[in-house]
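**Student:** My questions all concern the structure below.
Just so it is clear, none of the values below were taken in a lab; they were calculated from the coordinates. In this text the structure is predicted, and so the values were computed from the model without any measurement. Cβ: placed from backbone, ideal geometry, glycine included. Neighbour counts: every protein chain shown.
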Amino acid sequence: MNTAVPRTEDAGDIARARPADALGTSAAQARSAVLEELIRKDPGRFRVLTGDRPTGRLHLGHYFGTLHNRVRLQELGVELFVIIADYQVLTDRDVADNLLQHVEELVLDYLAIGVDPARSTIFTHGAVPALNQLMLPFLSLVSVSELNRNPTVKDEIAHSRQSAVSGLMFTYPVHQAADILFCKANLVPVGQDQLPHLELTRTIARRFNDRYGTGSTVFPQPDALLSSAPLLLGTDGTKMSKSRNNAITLAATADETARLVKGAKTDSERHISYDPVTRPEVSSLLLLAALCQGRSPEQVAAEIGSAGAAVLKKVVTESVNEYLAPVRARRAEYGRDRAHLRAVLSEGNERARAVADATLAEVRAAMNTCY
Ligand code: ATP
Ligand code: MG
């Protein structure tokens, strides 16, 4: 594996192309288009960190929001780190249920979609102590009011299973900065909900460099890479999410998929049209079918026309089932060898530990804490 840190000093054109209001989704989308061009020209300058909480099986929101991009980047020659965020399960619940099973299921999903452990590193928080140690200096670089205004955290608190907000819920975006910066990733393929966290990571990197860098750049300021489906809705019309009982998982059978899509929320208008602002549920279904078919949602909508929501759902079901058939077959195949899943993880953990140890040594030197 290439252990060299991706070049960050020649990212001048990235910085210059950055719009001032980088928090907004449309700005992030425009920025993603610029990034795509830079990746195409020189994939070796990028290192990707991205990941998921082990709270259940991955779903279509993950797939089209981030997973598809991860594998595409890997195939383009970008180095990929995938974190299974086990500590972050505890942000919105008291106990992390069935953790081992969920972790294995995630590894299975990654292998099934095409993450190649020979080229990419799959690892867990819990196994990389030096990554977690970065959290302390990073916490000192942000204010409580900055943490307080994070819109994604506010939404997650609203959906939390806990009556009180834990300190971990409040601070996990800082932990996420440690996830990204421990390996000096400069590119993070994510869904829309992650944009505020990415902005915080950029702030932490910048402040660390300013405070401790003495002229040198310790951390890059990573960019978010949004896909064309940065927010896929679930069957209830809110963000598709593992924890909200509204998801269509990659591992679902064709029949389960049909049943779930059939129960998806739509609206009362019979004519099917693509309008994400006024018709979010119908538009999300159209987008899903379109992504599976490799066409535009407007084309799919025009074809269905006045045939109504039942036909839309039939089209979605058939498109999803056809698209996922090879992924589901590979998933079943990999699932027969649990020992292999554990081996993939233990090798990934070892690689991540070496990278984290090196970064922590650098951080300690910068902070004058080498005794
Ligand atoms: P949980 O409910 O446990 O928080 P989740 O479904 O929100 O699970 P995460 O593990 O929090 O999934 O998110 C992993 C990655 O998938 C993030 O980059 C996130 O932006 C992306 N993602 C999750 N859900 C969607 C979605 N519905 N549409 C687009 N991207 C998504
Ligand atoms: Mg989430």
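**Student:** So what is the relative contact order for region 151-257, in percent, with contacts set as C-alpha pairs under 8 Å and at least six apart?
**Tutor:** 22
**Student:** Tell me, what does the Kirkwood hydrodynamic radius of the chain come to in angstroms if you use every pair of distinct C-alpha atoms?
**Tutor:** 21.4
**Student:** Which residue, Ser140, Ser268, Ser284, tops the fluctuation ranking in a GNM of the chain built on C-alpha contacts under 10 Å?
**Tutor:** Checking each option, the largest mean-square fluctuation is seen for Ser268.
**Student:** Here is a follow-up. Using a basic spin-label model with each label point 7 Å from the Cα along Cα→Cβ, how many nm lie between Leu99 and Ser166?
**Tutor:** 1.0
**Student:** I've got another one for you. Counting pairs of alpha carbon atoms under 8 Å apart in space and at least six apart in sequence, what relative contact order in percent does region 206-356 give?
**Tutor:** Numbers: 138 pairs, mean separation 26.4, N = 151.
Worked out over region 206-356, it gives 17 percent.
**Student:** Choose one answer from Asp275, Asp193, Asp86: the residue with the largest mean-square fluctuation in a GNM of the chain with alpha-carbon springs under 10 Å.
**Tutor:** Asp275
**Student:** Using Cα pairs closer than 8 Å and at least 6 residues apart in sequence, work out the relative contact order for the chain, in percent.
**Tutor:** Dividing the mean separation by the residue count of the chain yields 22 percent.
**Student:** Go ahead and estimate [θ] at 222 nm for the chain from helices alone: -39,500 (n - 2.57) per DSSP H run with n ≥ 4, summed, over the residue count, rounded to 500.
**Tutor:** -16000 deg cm²/dmol
**Student:** Pairing the Cα long axis of helix 309-334 with the longest principal axis of the chain, what angle in degrees results, from 0 to 90 and rounded to the nearest 10?
**Tutor:** 50
**Student:** Compute the FRET efficiency between Ala254 and Arg336 as 1/(1 + (r/R0)^6), taking r as their Cβ-Cβ distance and R0 = 25 Å, and round to the nearest 0.05.
**Tutor:** So, using R0 = 25 Å, E works out to roughly 0.80.
**Student:** Could you list Met240, Met367, Met169, Met135 in order of exposure, starting from the residue whose Cβ has the fewest other Cβ atoms within 10 Å? Before the final figure, lay out the partial values.
**Tutor:** Details: Met240 27, Met367 14, Met169 20, Met135 17.
With the sparsest Cβ surroundings first, the list reads Met367, Met135, Met169, Met240.
**Student:** As an exercise, use a Förster radius of 45 Å and the Cβ-Cβ distance of Glu347 and Ser243 to find the FRET efficiency, rounded to the nearest 0.05.
**Tutor:** 0.95
**Student:** OK, next. Can you tally the net charge around Ser243? Count Lys and Arg as +1, Asp and Glu as -1, for every other residue whose Cβ sits under 13 Å from the Cβ of Ser243.
**Tutor:** 0
**Student:** From the gyration tensor of the Cα coordinates in region 102-258, what semi-axes in whole Å does the equivalent ellipsoid have, largest first, with each one equal to sqrt(5λ)?
**Tutor:** Values for region 102-258, descending: 30, 21, 15 Å.
**Student:** Further question: Which far-off residues, 5 or more places away or on another chain, put their amide H under 5 Å from the one on Leu232, with H placed in the peptide plane?
**Tutor:** Under 5 Å from the amide H of Leu232 lie the amide H atoms of Met240, each far enough along the sequence or on another chain.
**Student:** For region 281-371, what does the alpha-carbon gyration tensor say about shape, rounded, prolate or oblate, given a ≥ b ≥ c as the root eigenvalues, a/c under 1.5 as rounded, and a/b over b/c as prolate?
**Tutor:** It is oblate, given that a/c is not under 1.5 and a/b is not larger than b/c.
**Student:** Next question. Determine the distance separating the Cα centre of region 258-279 from the Cα centre of region 288-317; give it in Å without decimals.
**Tutor:** When both Cα centres are located, 10 Å separates them.
**Student:** Connecting C-alpha atoms closer than 10 Å in a GNM of the chain, tell me which of His68, His340, His197 has the biggest fluctuation.
**Tutor:** His340
**Student:** Starting from the 7 Å offset along Cα-to-Cβ, what nm value, one decimal, do you get for the label separation of Val34 and Asp275?
**Tutor:** Output for this residue pair reads 3.3 nm.
**Student:** Then there is this: Counting only DSSP beta bridges with both residues in the chain, what percent are antiparallel, rounded to the nearest 5?
**Tutor:** Close to 10 percent.
**Student:** For a quick check: sort Lys239, Lys265 by the number of other beta carbons within 10 angstrom, fewest at the front.
**Tutor:** In increasing order of surrounding Cβ atoms, one gets Lys265, Lys239.
**Student:** How about Lys41: which lysines have a C-alpha closer than 29 Å to its C-alpha, ignoring those fewer than 8 places off in the same chain?
**Tutor:** In chain and number order, the partners are Lys184.
**Student:** Follow-up. Is there a pair in Lys239/Lys265; Lys154/Lys265; Lys265/Lys313; Lys154/Lys262; Lys239/Lys313; Lys154/Lys242 whose C-alpha atoms are over 20 Å apart, and which pairs would that be? All intermediate terms of the calculation are to be shown ahead of the outcome.
**Tutor:** Details: Lys239/Lys265 12 Å; Lys154/Lys265 24 Å; Lys265/Lys313 10 Å; Lys154/Lys262 31 Å; Lys239/Lys313 18 Å; Lys154/Lys242 18 Å.
Beyond 20 Å: Lys154/Lys265; Lys154/Lys262.
**Student:** How would region 24-147 be classified by its alpha-carbon gyration tensor: rounded, prolate or oblate, with rounded meaning a/c under 1.5 and the a/b versus b/c comparison settling the rest?
**Tutor:** Note, shape of region 24-147 comes out oblate.
**Student:** Here's another thing I want to ask about it. Out of region 283-332, which trypsin sites (Lys or Arg not before Pro) are coil in DSSP terms and have no more than 14 other C-beta atoms within 10 Å?
**Tutor:** Of the trypsin sites (Lys or Arg not before Pro), the ones in loops of region 283-332 whose Cβ has at most 14 other Cβ atoms within 10 Å are Arg295.
**Student:** Once you have a ≥ b ≥ c as the square roots of the Cα gyration tensor eigenvalues for region 125-166, tell me rounded if a/c is under 1.5, and otherwise prolate or oblate according to whether a/b is larger than b/c.
**Tutor:** Here region 125-166 falls in the oblate category.
**Student:** For the residues Ile122, Ile304, what sequence is obtained by ranking on other C-beta atoms within 10 Å, fewest first? Before the final figure, lay out each step's value.
**Tutor:** Working: Ile122 26, Ile304 20.
Ascending Cβ contact count within 10 Å gives the list Ile304, Ile122.
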